[in-house]
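Right, one structure below, let's go through it.
Only the coordinates and a few stated rules stand behind these numbers; no lab work does. Just so we're clear, the structure is a prediction, and the values are computed from it rather than from any experiment. Backbone-built Cβ (ideal geometry, glycine too); neighbour counts: all protein chains shown.
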Amino acid sequence: MGRSKISVRGLSKVFNPLKGNPVVALENVNFDVEEGEFIAIVGPSGCGKSTLLYMIAGFIQPTKGEIIVDGRRINSPGPDRGIVFQEYALFPWLTVEGNIKYGLEEKGLDQDEIDEKVSKYIRLMGLEGFEHKYPKELSGGMKQRVAIARTLAYEPEILLMDEPFGALDAQTRELLQEELLRIWEETRKTVLFVTHSVDEAVYLSQRVIIMTCRPGRVKNTVNVRLDKTLSREDVITSREFVETRHKVWVDVREEVMKHYCIVEG
């Protein structure tokens, strides 16, 4: 076992709308993430997956409990945690290069260091030849590559990803999954990846955290033991993948059915 990078302890979040009853999004959530670990979080719609991620990012404060990163309690955003959203969140007036540079310039790095990092992550994300293109000139997949490159260039220790491939077509999604795995193997950053796709969660991660329907709690954690040196086709057709996917899906399906019973009932 490695050392704990992130500890979530007794975490609860209650939203108080101006009209209507308070909404309990998360309740008594507890888990640890080791340094360099790739964790996927799955569960029904509305179970608080994104809320949990935004609290770890420091954008939202918990109602109860705490989040500890490297021994420090998290109360606000910080450069140690980078986030990639489902929406590409690029600056439309900046080029690919300009978008990737933005955070580095804000950080106050000198120009040579900025240029070196921008070149590195343009190569890493396969963006050569698109440096001077604007977001409106790019496909969805290319925009998401830029968003990931911009976050990685800042070199956060923790990468938080909220359904980053959810809006993409199936082929582009698969390509970027493989790209993300390759980058993770190179950098060994700590990754928390929120997704609705059980297949995606099992293919990418080392552990899958399954959330209950709202209020979100940790229902189960499933270890993933796949040989990811194999081709994608060999991984997803392996007995280990099929068995692990089934184990995760049974838990997710149970919570999805509860969610629909609540909604319909």
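Within the chain, the selection of entire DSSP H helices by a Cα span of 27 Å or greater along the long axis and an average Kyte-Doolittle value of at least -1.0 returns 239-264. Label region 37-111 by shape, choosing from rounded, prolate and oblate, from the square roots a ≥ b ≥ c of the eigenvalues of the Cα gyration tensor; if a/c is under 1.5 it is rounded, and otherwise prolate applies when a/b is larger than b/c, oblate when it is not. Oblate, because a/c is 1.5 or more while a/b does not exceed b/c. Counting only Cα atoms, the size of region 117-265 along its three principal axes is 52, 36, 29 Å, in decreasing order.
Each of Trp93, Trp184 has some number of other Cβ atoms within 10 Å of its Cβ, and from fewest to most they run Trp93, Trp184.
Within the listed set Ser76, Ser205, Ser45, the residue fluctuating most in the Gaussian network model of the chain (springs between alpha-carbon atoms under 10 angstrom) is Ser76.
Pop the C-beta distance of Glu128 and Asn16 into the FRET formula with R0 = 30 Å and round what comes out to the nearest 0.05. Between Glu128 and Asn16 the formula returns 0.05. Under a Gaussian network description of the chain, with springs only between Cα atoms under 10 Å, the residue in Leu152, Leu204, Leu180 that fluctuates furthest is Leu180.
A DSSP coil position with no more than 13 other Cβ atoms inside 10 Å describes the following trypsin sites (Lys or Arg not before Pro) in region 178-254: Arg188, Arg225.
Here the convex hull built on the C-alpha positions of the chain has a volume of 151 cubic angstrom per residue.
Cβ crowding within 10 Å ranks Cys47, Cys213 as Cys213, Cys47, fewest other Cβ atoms first. Of the residues Glu254, Glu186, Glu66, the one that moves most in a GNM of the chain with alpha-carbon contacts below 10 Å is Glu186. Each of Glu240 and Asp112 was given a label point 7 Å from its Cα along the Cα-to-Cβ line. The distance between the two points is 4.5 nm. Working note: Karplus 6.51/-1.76/1.60 with θ = phi - 60° gives region 67-75 the couplings 10, 10, 10, 6, x, 10, 6, 8, 10 Hz, where Gly and Pro are set to x.
Count Lys and Arg as plus one, Asp and Glu as minus one, and take only other residues whose Cβ is under 11 Å from that of Arg150; the net charge is then +3. Using a/c under 1.5 as the rounded threshold, could you call region 89-155 rounded, prolate or oblate? The axes a ≥ b ≥ c are square roots of the C-alpha gyration tensor eigenvalues, and prolate needs a/b larger than b/c, oblate otherwise. Judged from the Cα gyration tensor, region 89-155 comes out prolate (a/c at least 1.5, a/b above b/c).
So which of Lys143/Lys219; Lys5/Lys64; Lys189/Lys258; Lys13/Lys107; Lys13/Lys189; Lys5/Lys107 end up more than 25 Å apart, counting from Cα to Cα? Listed pairs above 25 Å: Lys143/Lys219; Lys189/Lys258; Lys13/Lys107; Lys13/Lys189. The Cβ shell under 13 Å around Arg239 holds other residues with a net charge of -1, Lys and Arg each +1, Asp and Glu each -1.
For region 1-128, a/c is not less than 1.5, where a ≥ b ≥ c are the root eigenvalues of the C-alpha gyration tensor, and a/b tops b/c. That puts it in the prolate class.
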